[in-house]
Amino acid sequence: MNAIILSIGDELVLGQTVDTNSAWLSQHLAAVGCDIKAHMTVGDSQRDTEQAILESVGRCDFLLISGGIGPTPDDLTRQALAAVMHVPLEPNERWMAQLSEFFEKRGRKMPEGNKIQAMIPRGATMIFNHAGTAAGIDATYQSPDQKTVCRIFVMPGVPKEMKLMFERDVLPHITAAGGGACILSRTLHTFGLGESAVAERLGPLMKRDRNPAVGTTVSGGVVSIRINARECDPPTARRALDETAAACEAALGDLIYGADDETLPHVVARLLKEPKALTVTTAESCTGGLLAKLLTDIPGSSAYYKLGFVTYSNQSKYERLGVPTEMINLYGAVSEPVVDAMARNARRLAKADLAVAISGVAGPDGGSPTKPVGTVCIALASAIPDEPKNVATSAVAARTFNFPGDREMIRDRSAKMALAMLRYHLMGKPMTF
Ligand code: ATP
Ligand code: MG
């Protein structure tokens, strides 16, 4: 079972309105196991609409059209459909009466132009519009040789009206045709490796003809694994999804930090709260408080975050955190000894269980041959073994990274890498990247 979605409107092809109807329809069709063959968009032109319908009917079981059934001369979808089907448009008495009543109730005479909204191709069925004046159309296209059959639904372009009509009068037909097929999805998130390295580890799980299908997407340094299970009923799909998710977890191990809506800050917050209630402080230079922001994005963050430091200048690193000026002069502000001292001292000053410090060259200026733009040092200070409450002395792990991209990207990756370091520390495992 498959479908093509056709959106009609000059504003769509001109890029003035984003075609949200197609995205919404795709999501709802996928949920009932209907494959989407294509999204098509044409302007308010009868010829282009006819062409798009003709191109689609031979390729899909269902053609879902939205837009172009208003009362104005630029609304030509019904005319195009009638032309393709070689039938005339006929008035639908029920909708004509509905329209007259609509205008009567408002004490207005129905404009002549509105009458077109009650016209549908001969042999088609009118779909009641519970939110507007444009009736929808349910038609079945058959090629002259009877070889091609395609069910066509025409819905309004106004998103609210389209959604209501789709859910009430279109989706049930598609669900019935699919015999209860369904697609369930899950997304697993990783941070630390690039997309191709993740794909390499997933290996045959990513084969194109596999069900559940496994694919990757990347956004903000987070490589996500999308799993879509296509089965005949939800319990079977859920089982298939669980099995494939487990196979992905076996292939990627600790790299996976969460699923679906879970973010790195969510996961770190959870690990900070359980099994022990731990507190964390931050000492940031190039990220300017971004790490603190991410940690406090989570409701209830006061349980683990009390105080942080943004020490942007060298002087503030000395004055607020007590990083010796000689150390900064000797190694540079972006160096492992400096972030080590920042983390150590921040932990002591904030009386926190953990401290993370970041100092880097976010650019675009300030790079040097030895420390190019993107060089970022991150340190994590924690209690020394057997002395969990002693903040005067810390165990510190410091690392230097080289992040690609512009200033925004470097700052973003730095804060996320700091969260990743925290996550591995809280799990009691070594970082694998
Ligand atoms: P009718 O809704 O009466 O059938 P129409 O859909 O062509 O006709 P328009 O006046 O062209 O009506 O569009 C109504 C509103 O819906 C506009 O704001 C338009 O931008 C929006 N719209 C139309 N199609 C889409 C779409 N595919 N995605 C998002 N918005 C859309
Ligand atoms: Mg329109």
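The values are calculated or read from the model by the stated rules, or taken from the named source; none is laboratory data. None of the values given here were measured: they were computed from a predicted structure. We place every Cβ from the backbone using ideal geometry, glycine too, and count neighbours over all the protein chains shown. Protein only, heavy atoms only, side chains kept; ligands, DNA and RNA dropped before computing areas. Shrake-Rupley method; radii C 1.70, N 1.55, O 1.52, S 1.80 Å.
Along the charge dipole of the chain, which of T216, Q27, A269 sits closest to the positive end, that is, farthest toward it, with unit charges on the beta carbon of Lys, Arg, Asp and Glu (+1, +1, -1, -1)?
The listed residue farthest towards the positive side: A269.
Could you give the distance between the Cα centres of region 144-161 and region 240-306, to the whole Å?
Each part's Cα centre sits 46 Å from the other's.
Given the peptides 373-379, 328-334, 289-295, arrange them by the average over their residues of other C-beta atoms within 10 Å, most packed first.
373-379, 289-295, 328-334
Please work out whether region 304-433 counts as rounded, prolate or oblate from its C-alpha gyration tensor, where a ≥ b ≥ c are the square roots of the eigenvalues and a/c under 1.5 means rounded, while otherwise a/b larger than b/c means prolate and anything else oblate?
In terms of gyration-tensor shape, oblate.
Determine the calculated [θ] at 222 nm for the chain from helices alone, applying -39500 (n - 2.57) to every DSSP H run no shorter than 4 residues and normalising by the residue count; nearest 500 deg cm²/dmol.
The helix-only estimate for the chain comes to -11000 deg cm²/dmol at 222 nm.
In the chain, with Lys and Arg counted as +1 and Asp and Glu as -1 at Cβ, which of these residues, S100, L6, F309, has the Cα nearest the positive end of the dipole, that is, farthest along it?
Of the candidates, F309 comes out farthest on the positive side.
May I ask you to give the percent of accessible area on the chain that is carbon plus sulfur, with a probe radius of 1.4 Å?
Of all accessible area on the chain, carbon and sulfur atoms account for 52 percent.
Got a sec? Which residues in region 163-197 would a label at T20 touch, if it sits 7 Å along Cα→Cβ and we count backbone N under 19 Å?
163-168
Need one word for region 110-183: rounded, prolate or oblate. Basis is the Cα gyration tensor (sqrt eigenvalues a ≥ b ≥ c); a/c below 1.5 gives rounded, then a/b vs b/c decides.
Here region 110-183 falls in the oblate category.
Treating only the Cβ atoms of Lys and Arg (+1) and Asp and Glu (-1) as charged, compute the dipole magnitude of region 316-390 about its Cα centre; round to the nearest 20 debye.
Here the size comes out at about 200 debye.
Round to the nearest 10 and give me the degree value, 0 to 90, for the angle of helix 407-427's Cα axis relative to the longest principal axis of the chain.
The two axes meet at around 70 degrees.
Using a probe radius of 1.4 Å on heavy atoms only, what accessible surface per residue do you get for region 1-152? Whole Å² is fine.
The answer is 48 Å² per residue.
Mind grabbing the accessible area of H28 for me, 1.4 Å probe, Å², rounded to tens?
Result for H28: roughly 60 Å² accessible.
Can you compute the charge dipole magnitude of region 194-246 about its Cα centre, using +1 on each Lys and Arg Cβ and -1 on each Asp and Glu Cβ, nothing else charged? Give it in debye, rounded to the nearest 20.
So the dipole magnitude of region 194-246 works out to roughly 60 debye.
Classify the chain as rounded, prolate or oblate from the Cα gyration tensor: take a ≥ b ≥ c as the square roots of its eigenvalues, call it rounded if a/c is under 1.5, otherwise prolate when a/b beats b/c and oblate if not.
prolate
Sticking with the crude label model, points 7 Å out along Cα→Cβ, report the distance from R239 to R106 in nm, one decimal please.
Calculated label separation equals 5.4 nm.
Top to bottom by accessible area (1.4 Å), largest first, where do S285, S302 land?
Largest to smallest exposure gives the sequence S302, S285.
As a test question: what accessible area, to the nearest 10 Å², does M206 have when a 1.4 Å probe is rolled over all protein chains in place?
We get 50 Å² for M206.
Explain nothing, just the number: relative contact order of region 337-424, from Cα pairs under 8 Å at least 6 residues apart, as a whole percent.
Relative contact order comes out at 29 percent.
So which trypsin sites (Lys or Arg not before Pro) in region 201-265 end up in coil per DSSP with only 16 or fewer other C-beta atoms within 10 Å?
Hits after loop and neighbour filter: K207, R208, R210.
With +1 on each Lys and Arg Cβ and -1 on each Asp and Glu Cβ, and nothing else charged, work out how big the dipole of the chain is about its Cα centre, in Debye to the nearest 20.
Computed charge dipole of the chain: roughly 1140 debye.
Could you tell me the center-to-center distance, by alpha carbons, between region 325-372 and region 64-125 in angstrom?
Value for the Cα centre distance between the two parts: 69 Å.
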